[in-house]
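Report on the following structure.
The values are calculated or read from the model by the stated rules, or taken from the named source; none is laboratory data. A quick note: this is a predicted structure, and the numbers were derived from the prediction, not measured. A quick note on method: Cβ atoms are made from the backbone with ideal geometry, for glycine too, and the neighbour counts reach across all protein chains shown.
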Amino acid sequence: MAYSDKVLDHYENPRNVGSFDKNDDSVGTGMVGAPACGDVMKLQIKVNDEGIIEDAKFKTYGCGSAIASSSLLTEWVRGKTLEEASQIKNTQIAEELALPPVKIHCSVLAEDAIKAAVSNYQERHGEAAEAEKKSA
Amino acid sequence: MSDLKLPIYLDYSSTTPVDERVAEKMAGCLTKDGLFGNPASRSHSFGWNAEKAVENARGQVAELVGADPKEIIWTSGATEADNLAIKGAAHFYQRKGKHIITVKTEHKAVLDTTRQLEREGFEVTYLGVKENGLIDMQELQDAMRDDTIVVSVMHVNNEIGVIQDIEAIGNLCRERGIVFHVDAAQSTGKVAVDLSKLPVDLMSFSAHKTYGPKGIGALFVRRKPRVRIEAQMHGGGHERGMRSGTLAPHQIVGMGEAFAIAGAEMGPELERIRMLRDRLWAGLDGMEEVYLNGDQEQRVAHNLNVSFNFVEGESLIMALRDIAVSSGSACTSASLEPSYVLRALGRNDELAHSSIRFSIGRYTTVEEVDHTVEIVRAAVAKLRELSPLWEMYQDGIDLSTVEWAAH
């Protein structure tokens, strides 16, 4: 299968590989996919007090397109608000990486990953806020 | 090391280059000064000489597998031989019954053929295999019925290289008068085959897996006791009516020469290839979470099918650009399905998705094997660094207990 140069570049030099401590209050974690389907993406965002994504890291088990989709995503979400980040569409990723039709699901998975990370962060902060209220 | 040519070819189970000695013989059957005649021409020496060359090759193929030359029918390859054997026998014996038995790990040339027969009204039982890729004899025996007419089991598996016990299977078939077909496309030159002793009725062969040309194969059709098949290709009545079509002397002579070389050189070649295979496995086995697929002992020396846990097959193939290998994960073919053969072994999805088939051959060198080990180790390490599954494994999480958000 012929990959686009952008996919190859992200595959050869993946950006922002790694993990944050998922128990850190400023971190939201999204893990999507399944080994049975051949791809699993873990995306983590680090959010500052202003609600801006300061940093993002990923780990992906999957084909070259899946790795490239998640690598690209970490670049795109940096500096965005949670609201803006969750509006990233799979079609934008697929277009940027020139994914062939059989690999579109990789970009769908990346979109799912950022949505999952944002909602994980929001859930934890919703709960944290409530816990603070109770103890006050 | 300096003369190491990249990419390194380790996909001999897909196909082999034509041996130079074979190519030379083939070239002598094409042009006006060579044996270009039609072997079916009875009225002149061009035809007679071509026929002589074809019959010589038939003898060479027969000799490698312990058959009588009259039992060898030329086909376009093992796929056609499988089709001719299974459809031919099923159609001929359908008045006796319409049940066929085969195995889930067969090549598609067999599985697609039996699917077609199912559409025609035959009933097919697909046997599973044990964890080591071999069939359970008791299960086979239990599957046999009074209306079973054909059993088809491959000799050497193309993906994992395991060798089925065709002698034992054949004996079970004989007891019940069932026609036994064996796909032996991956066997010639890799494991001894002696049809003068083996209870096999039909056997398919391919030239291009054994340093012969593509586009030519053969079907062994036993004469004593005689097995009948219905022709699938009709025409001039070549090959005693079983397979019509003008014979291709250059292809046939190539297959004959390739099989003759295989017979003459198999002993030392097997020893060398086994040494290379062991060297490759020793280089990979030291890594964590690496699994050999298929039985450890009952396998050909040429094949090493390995799963690298927590690494996905297609991305691994991408990282192994300098090595020509096959991935068990059929992700590249857009089906996103892991290999049906590895699935049949009961390998979990991660392992089935992460397998690589290395197949070693006549021209593989020690330097190539050593370089392969280096490249594979580096690639697996890099991809594991990227893998959330590897991270979870390192954290002591049992992946089978995780609830995945399947998509």
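Within region B:337-367, being surrounded by fewer than 24 Cβ atoms within 10 Å (Cβ to Cβ) and more than 20 Å from B:Lys104 (Cα to Cα) holds for B:Gly361, B:Arg362, B:Tyr363, B:Thr364, B:Thr365, B:Val366, B:Glu367.
In this structure, is B:Gly59 over 30 Å from B:Ala260 (Cα atoms) and not in a strand (DSSP E or B)? No, not satisfied.
Inspect region A:128-136 for any residue being modelled with pLDDT under 95, in a loop (DSSP other than H, G, I, E, B), more than 14 Å from every other protein chain (Cβ to nearest Cβ) and surrounded by fewer than 16 Cβ atoms within 10 Å (Cβ to Cβ) and give the result as yes or no. First the steps, then the outcome.
Within region A:128-136, the subset modelled with pLDDT under 95 is A:128-136.
The next check asks that each one be in a loop (DSSP other than H, G, I, E, B); those that pass are A:136.
Adding the requirement that they be more than 14 Å from every other protein chain (Cβ to nearest Cβ) leaves A:136.
This time we only want the ones that are surrounded by fewer than 16 Cβ atoms within 10 Å (Cβ to Cβ), so: A:136.
Yes; the residues of region A:128-136 include at least one that is modelled with pLDDT under 95, in a loop (DSSP other than H, G, I, E, B), more than 14 Å from every other protein chain (Cβ to nearest Cβ) and surrounded by fewer than 16 Cβ atoms within 10 Å (Cβ to Cβ).
Selection of first residues in region B:42-54 that are assigned to a helix (DSSP H, G or I) and of second residues that are of a type in the set (Phe, Trp, Tyr) and surrounded by 10 or more Cβ atoms within 10 Å (Cβ to Cβ), restricted to Cβ pairs under 9 Å at least 6 apart or on distinct chains, gives the following pairs, ordered by first then second residue: B:Phe46/B:Phe36; B:Ala50/B:Phe36; B:Val54/B:Trp74. Just name the residue that is nearest to B:Ser327 (Cα to Cα) out of those in region B:368-404 that are within 9 Å of chain A (Cβ to nearest Cβ) and surrounded by fewer than 15 Cβ atoms within 10 Å (Cβ to Cβ). Ranking the candidates gives B:Glu385 first. Looking across region B:31-67 at every residue that is under 30 Å from the mean Cα position of the chain (by Cα) and of a type in the set (Val, Ile, Thr), the one that is surrounded by the most Cβ atoms within 10 Å (Cβ to Cβ) is identified as B:Val61.
If you go through region B:267-319 and keep only what is among the basic types (Lys, Arg) and either touching a Phe, Trp or Tyr at 6+ places or on another chain (Cβ under 8 Å) or in a helix (DSSP H, G or I) (or both), you end up with B:Arg272, B:Arg274, B:Arg277, B:Arg279. Here B:Thr75 fulfils each of the conditions (1) farther than 28 Å from B:Leu304 by Cβ; (2) out of contact with any strand residue (DSSP E or B) (no Cβ under 6 Å at 6 or more places or on another chain) apart from (2). As a summary of the residue check, A:Gly30 satisfies the conditions (1) outside any loop (DSSP other than H, G, I, E, B); (2) in contact with a strand residue (DSSP E or B) (Cβ under 9 Å, 6 or more places away or on another chain); (3) free of Cβ contacts under 8 Å to residues at least 60 places away in the same chain except for the one numbered (3).
Checked against the criteria, B:Ala67 counts as touching a strand residue (DSSP E or B) at 6+ places or on another chain (Cβ under 7 Å) and part of a loop (DSSP other than H, G, I, E, B). Tallying residues that are among the aliphatic types (A, V, I, L, M), in contact (Cβ under 8 Å) with a residue 24 or more places away in the chain and farther than 19 Å from B:Gly170 by Cα within region B:93-134 yields 2.
For A:Thr29, indicate whether it is within 11 Å of chain B (Cβ to nearest Cβ) and at pLDDT 95 or above.
Working: within 11 Å of chain B (Cβ to nearest Cβ): yes; at pLDDT 95 or above: yes.
So A:Thr29 fits the description; yes.
Annotation: B:Gln116 fulfils all but one of (1) surrounded by fewer than 22 Cβ atoms within 10 Å (Cβ to Cβ); (2) over 23 Å from B:Met233 (Cβ atoms); (3) in contact with a Lys or Arg (Cβ under 8 Å, 6 or more places away or on another chain); the unmet one is (2).
Applying the criterion of being buried (at least 17 other Cβ atoms within 10 Å of the Cβ) and among the aliphatic types (A, V, I, L, M) to the residues of region A:1-26, the residue that is nearest to the other protein chains (Cβ to nearest Cβ) is A:Val17. For region B:198-208, state whether one or more residues are of a type in the set (Ser, Thr, Tyr) and outside any strand (DSSP E or B). No: zero hits.
Residue-by-condition table, conditions (1) out of contact with any strand residue (DSSP E or B) (no Cβ under 7 Å at 6 or more places or on another chain); (2) within 14 Å of chain A (Cβ to nearest Cβ):
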site: B:Arg240; (1), (2): yes, no
site: B:Gly256; (1), (2): yes, no
site: B:Met266; (1), (2): yes, no
site: B:Trp281; (1), (2): no, no
site: B:Val300; (1), (2): no, no
site: B:Val306; (1), (2): no, no
site: B:Ile317; (1), (2): no, yes
site: B:Leu342; (1), (2): no, yes
site: B:Leu345; (1), (2): yes, no
